[in-house]
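Step one of this worksheet: look at the structure below.
We did not get these values from a lab; they are worked out from the coordinates using the rules stated. This structure is a prediction, so every number in the text was calculated from the model and none was measured. With ideal geometry, Cβ positions are generated from the backbone for all residues, glycine too; neighbour counts draw on all protein chains shown.
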Amino acid sequence: MARPTTTPEDRSVRLLKVGERVRHVLSELLSRQQVHDDVLSSTTVSITEVRMTPDLRQAKVYVKPLLGTDEGKVVKALQVNTAFFQREVAKRLGLKNAAKLQFRLDETFDEATRIDRLLDDPRVRRDVADED
């Protein structure tokens, strides 16, 4: 029997689905405070996105502590507890191999705020109004 061919679109949908499932597992672990870490227990952390590699062996996990406080401490605490998170993700999702998790600070919100400030500049408003 011939092996079914997959298009890049199919593969990307698969990666998105697995990434979203990993995000849900990590969010559940953090919200239920199943990690025994003082920093993570005292801070509400949002998992904003998980990007999986095509072989599902690595995942970049983008996090943002609510209110943006102690970002460095939170990322460090997540990195210290990486083995626990990898084990739990593999167990709950039934993955053959545990994906190696890399925790990173999500800076998209800061970038969006910076762009909004730039667009609110009177000089930019004037230029945009001239084009209309």
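Taking label positions 7 Å along the Cα-Cβ direction at both R92 and A112, the computed distance is 2.4 nm, reported to one decimal.
Here is what passes the span test in the chain: the DSSP H helices with alpha carbon length of 20 Å or more along the helix axis and a Kyte-Doolittle mean of -0.5 or above are 8-31. Ordered by the number of other Cβ atoms lying within 10 Å of each residue's own Cβ, fewest first, I47, I115 fall into the sequence I115, I47. Pairs of lysines in the chain whose Cα atoms sit within less than 23 Å of one another amount to 16, provided the residues are eight or more positions apart or on different chains. A simple spin-label model places the labels of L16 and K60 1.8 nm from each other, with each point 7 Å out along Cα-to-Cβ. From the list (i) 12, 38, 24, 9, 8, 7, 2, 0; (ii) 13, 47, 33, 7, 0; (iii) 11, 34, 24, 15, 11, 3, 0, can you say which value of P(r) over Cα pairs in 10 Å bins from 0, in percent was derived from the structure given? Of the listed options (i) 12, 38, 24, 9, 8, 7, 2, 0; (ii) 13, 47, 33, 7, 0; (iii) 11, 34, 24, 15, 11, 3, 0, (iii) comes from this structure.
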